């Protein structure tokens, strides 16, 4: 009899721990976002890391930690974090976009181009992805593709793309 009571209590505590963890992760992510928005990137990274540790299957926690890693210029870590977010949530266009930005920072332009293209495939009106893909094509020396991407980004309202097109008009 004693062991049944002990087993029941153990199961109850385990279930309560899972429920507590599930309630805590969204709170950690919210706290980390507040820190991130206040430019407290190191604190945000630590908070998002707690969320990742508490719930490794949470794509948002990995994505948010990736953003903080990027701001801290920990590009290899950001690449891993965004990659994990993509693995958990393959249709997250923002994760593809952020990973592409990270690849660009690392000078891996062809890989960045592929990820920007994936982000655009997932969200065709993603003006920032069109703009960044244009910059990536420019970095690769493909000015024809850069102009096409910038034209699309400008048509979607990206003012930086419009400025880029104006700067290129005399060339």
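Each value in this text was obtained by applying a stated rule to the coordinates, not by laboratory testing. All values reported here derive from a predicted model rather than from experimental measurement. For neighbour counting, all protein chains shown are included, and Cβ atoms are generated from backbone atoms with ideal geometry for every residue, glycine included.
Note the full-extension length gain between residue 34 and residue 139 as 0.36 nm times their separation in residues minus their Cα-Cα distance, in nm to one decimal. Write out the running numbers ahead of the final one.
On the way: separation 105, 0.36 × 105 = 37.80 nm, distance 3.41 nm.
So the extension gain works out to 34.4 nm.
Per-residue ellipticity at 222 nm for the chain, helices alone: DSSP H runs ≥ 4 residues times -39500 (n - 2.57), over residue total, nearest 500 deg cm²/dmol?
On the way: 9 runs with 140 residues, N = 171.
That calculation yields -27000 deg cm²/dmol at 222 nm.
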Please report how far the C-alpha centroid of segment 95-127 lies from that of segment 45-76, rounded to the nearest whole angstrom.
19 Å
Quick one: angle between helix 143-155 and the longest Cα principal axis of the chain, in degrees between 0 and 90, rounded to 10, please.
70 degrees
Rounded to the nearest 10 degrees, what's the angle between the helix 59-71 long axis and the longest principal axis of the chain, both from Cα atoms, 0 to 90?
50 degrees
If R0 = 30 Å, then residue 27 and residue 106, at their Cβ-Cβ distance, give a FRET efficiency to the nearest 0.05 of 0.35
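Give, in nm to one decimal, the length gained when the segment between residue 165 and residue 53 is fully stretched (0.36 nm per residue of separation minus the Cα-Cα distance). Intermediate results must be reported in sequence, preceding the final value.
Details: separation 112, 0.36 × 112 = 40.32 nm, distance 4.47 nm.
Gain on extension, residue 165 to residue 53, equals 35.9 nm.
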Longest principal axis of the chain (C-alpha) makes with the long axis of helix 2-37 (C-alpha) an angle, in degrees to the nearest 10, of 30 degrees
By average Cβ neighbour count within 10 Å, what is the ranking of 97-104, 83-90, 66-73 from highest down?
97-104, 66-73, 83-90
